[in-house]
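Everything on this sheet refers to the single structure shown next.
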Amino acid sequence: MGVVYGDIGTSPLYALRESLFHAKSRGSVNETDVIGVVSLLIWALFVVVTVKYVVFVMRADNKGEGGTLALMALARKAVGGKSTAIFILGIAGAALFTGDAIITPAISVLSAVEGLKLVTPFFDHYVTLIALVILVTLFIVQRKGTSGVARWFSPVMLVWFIVIAVLGLLHIGDAPRILYAFNPAHALYFLFSHGIISFVVMGSVFLAVTGAEALYADMGHFGRKPIQYAWILFVFPSLILNYLGQGALILHDPGTIENPFYLMAPDWALLPLVILATAATVIASQATITGAYSLARQAIQLGLLPRLEIYHTSDTQEGQIYIPRVNWILLVGVVLLVLIFRSSSALASAYGIAVTASMVVDSCLIFFVAWHIWRWPLVGCILFAGAFLSVELAFFASNILKLMDGGYVPVLIGAMMVLTMWTWLRGTFFLEQKTRKDSIPTRELIRMLEKSKPTRVPGTAIFLTADSDSAPAALMHNLKHNKVLHERVFIVSVHTENTPRVPREYRYEIEKLSDDFTKIRLHYGFMESPRVPAALALMRKSGLKFDIMTTSFFLGRRSLKASPNSGMPMWQDQLYIALSKQAANATDFFSIPSDRVVELGAQVKI
């Protein structure tokens, strides 16, 4: 409840309010409208969250891990090759999550702090400032890790869900006819009787299910069963009770439509509720930020982004990481959104497009999993995916109507991320082609060295390279300029697999190329940090003989320059070079002791 359900759990702060705001744009809201909108909220939660994610999508775990990139890797594995369409879907889903990660903290904290306006008008002009202070503080403390405060996540969210359930339960009696909302006929009647208005309202109804993807994305942290039980037995009932209570309150007193969530509370409980809501939204924001770190690390491991500095903030939890550049990019984005939109109602227009699009991506990817892994009939897979896509595409289309009112924000953010990933992939491909063209095969180099016999020095030299079949550039530079070769040479390459984690027994492959040359391939999952010294220590226990104290790590450092013949436009060359400059050096990324490293540089035109 503390990590997975923070985002969706705070949706009652604004989901019904925004839905009814659009519904009353054609005039006053009547009883049929209120019951119809509440019915839409309930059935959206049931179909999208309970049926799609809890029952089906969570079955598509990639060795226990979830999330868009994990699903992409599973789908690509399922089709038995490197499907370009699936890869593009995965990149699009990951890019769209970035927009969600920026908007969620802004709208969540703003919606909570806005409750202060009801406490006293004094706070009317300070809501934006208070929200900014909370958000900036949240991002600043990320460096210290969340293990110290995470123990409070569950108690706070437990109290939150109990409170919203009790508030809803207390007000259902104000207008018991709100219980008609359980009948989907009321939702359908609203949709088909209000024309274009119902289409607009659907965009706001979708706010109730934002955060549903967290159920799947966080599966690797907690397992499938605990997440399913928490939803079915606790979170889902709490949300339904609260939406029913808000609807009953509005039926009883139409004046409460301006902020039904906070007006459910008695006057004496309003300030404590605002404080509790703020704490809950901070937790929801923290969960989103942590998810952004995790997604960025997966993207780095899969080669979609340059190697960024990753800090581990916990000695016991592999998932507790901090990525400074991601953190500050998110902070700048969140602050700009708060300053530009200044209210949760305005931000609600920007919310939804990214989330609906990412859900559409999940539905497309789950089609391939159902067809190739679950072995469902093709017709059944089409009907299965088509049923969810029909709902999600309707939500997506309704959110597109908000494009000019702020919906362009996540679209622009997503487009920038797609451009960044595409440029990095494309530039890396051309660079690898050029490197391979200019390099000598390792086995051919060994034969040449057996004839020329360079000066040998004691110890072990480890050369890190992306392509172990070609002689590493650092090795060639060392021979050219220093004219020496160590007694033992290890050519080490690190490979990321389409699985979250690789068991220790499959961590490495050792191939003896000659008496003094050894090729080593290290295998890591996309959820793991590649620690080369730890892998070498594991190999020593298995019989690989070398002394770490007489071992030197040789790394190549390339200085890139744009070339008119690179295969990319000049602007993309420059973007790729700028991205490469943001990359962490290999010493830090692979956790290599800095006092054992020798770096040899070269200028390369791309």
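To keep it simple, each residue is scored yes or no on (1) under 31 Å from the mean Cα position of the chain (by Cα); (2) part of a strand (DSSP E or B).
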position: L445; (1), (2): no, no
position: R456; (1), (2): no, yes
position: A461; (1), (2): no, yes
position: V494; (1), (2): yes, yes
position: P500; (1), (2): yes, no
position: D515; (1), (2): no, no
position: E528; (1), (2): yes, no
* Any residue in the range 177-195 that is surrounded by 16 or more Cβ atoms within 10 Å (Cβ to Cβ), modelled with pLDDT under 90, touching a Gly at 6+ places or on another chain (Cβ under 9 Å) and over 30 Å from V29 (Cα atoms)? -> no
* To do: Identify the single condition in (1) of a type in the set (A, V, I, L, M, F, W, C); (2) at pLDDT below 85; (3) more than 16 Å from T465 (Cα to Cα) that A602 does not satisfy, given that it satisfies every other one.
  => (3)
* **Yes/no for D595 being within 23 Å of R325 (Cβ to Cβ), of a type outside the set (K, R) and not in a loop (DSSP other than H, G, I, E, B)** => no
* Only one of V338, V379, V391 is loosely packed, with under 15 Cβ neighbours inside 10 Å and either in a helix (DSSP H, G or I) or outside the structural domain of G203 (by TED's automatic domain parsing) (or both); which? -> V379
* To do: Could you run through the range 379-410 and say how many residues are under 19 Å from V200 (Cβ atoms) and not β-branched (V, I, T)?
  => 18
* Meets criteria (surrounded by fewer than 24 Cβ atoms within 10 Å (Cβ to Cβ) and within 26 Å of the chain's Cα centre (by Cα)) for F234 -> yes
* Asked: With respect to the numbered conditions (1) of a type in the set (V, I, T); (2) within 25 Å of Q301 (Cα to Cα); (3) in contact (Cβ under 8 Å) with a residue 60 or more places away in the chain, which one is the sole condition not fulfilled by V492?
  -> (3)
* Quick one: V51 ticks every box in (1) modelled with pLDDT under 80; (2) surrounded by fewer than 22 Cβ atoms within 10 Å (Cβ to Cβ) except a single one, so which number is it? => (1)
* If only one of G168, G203 is in a helix (DSSP H, G or I), of a type outside the set (V, I, T) and under 24 Å from L270 (Cα atoms), which one is it? -> G168
* Asked: Looking at A348, A357, A397, which one is farther than 23 Å from L132 by Cβ, surrounded by 22 or more Cβ atoms within 10 Å (Cβ to Cβ) and not acidic (D, E)?
  -> A357
* Determine, yes or no, whether L241 is crowded, with 19+ Cβ neighbours inside 10 Å, modelled with pLDDT of 90 or more and either more than 30 Å from L132 (Cβ to Cβ) or in the same structural domain as S591 (by TED's automatic domain parsing) (or both). => yes
* the range 105-137 - residue that is at pLDDT below 85, out of contact with any helix residue (DSSP H, G or I) (no Cβ under 6 Å at 6 or more places or on another chain) and in a helix (DSSP H, G or I) and, of those, nearest to A217 (Cα to Cα) -> H125
* On the given criteria, is L304 farther than 21 Å from I592 by Cβ and outside any helix (DSSP H, G or I)? -> yes
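Run down I102, I88 and say which single residue is out of contact with any Cys (no Cβ under 8 Å at 6 or more places or on another chain), assigned to a helix (DSSP H, G or I) and either surrounded by fewer than 22 Cβ atoms within 10 Å (Cβ to Cβ) or outside the structural domain of L383 (by TED's automatic domain parsing) (or both). If you could, list the steps in order and put the result at the bottom.
Numbers: I102 fails: either surrounded by fewer than 22 Cβ atoms within 10 Å (Cβ to Cβ) or outside the structural domain of L383 (by TED's automatic domain parsing) (or both).
Selected residue: I88, the only one of I102, I88 that is out of contact with any Cys (no Cβ under 8 Å at 6 or more places or on another chain), assigned to a helix (DSSP H, G or I) and either surrounded by fewer than 22 Cβ atoms within 10 Å (Cβ to Cβ) or outside the structural domain of L383 (by TED's automatic domain parsing) (or both).
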* To do: Enumerate the pairs (first residue in the range 280-295 and more than 13 Å from H221 (Cβ to Cβ); second residue anywhere and charged (D, E, K, R) and assigned to a helix (DSSP H, G or I)) with beta-carbon separation below 8 Å, excluding pairs fewer than 6 apart on the same chain, so at least 6 apart or on different chains.
  => A284/D7; T288/D7; T288/D100
* Asked: Looking at F56, F46, F123, which one is of a type in the set (F, W, Y) and farther than 26 Å from P237 by Cβ?
  -> F123
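The values are calculated or read from the model by the stated rules, or taken from the named source; none is laboratory data. Note that the coordinates shown come from a computational prediction; the quantities given were computed from them, not determined experimentally. A quick note on method: Cβ atoms are made from the backbone with ideal geometry, for glycine too, and the neighbour counts reach across all protein chains shown.
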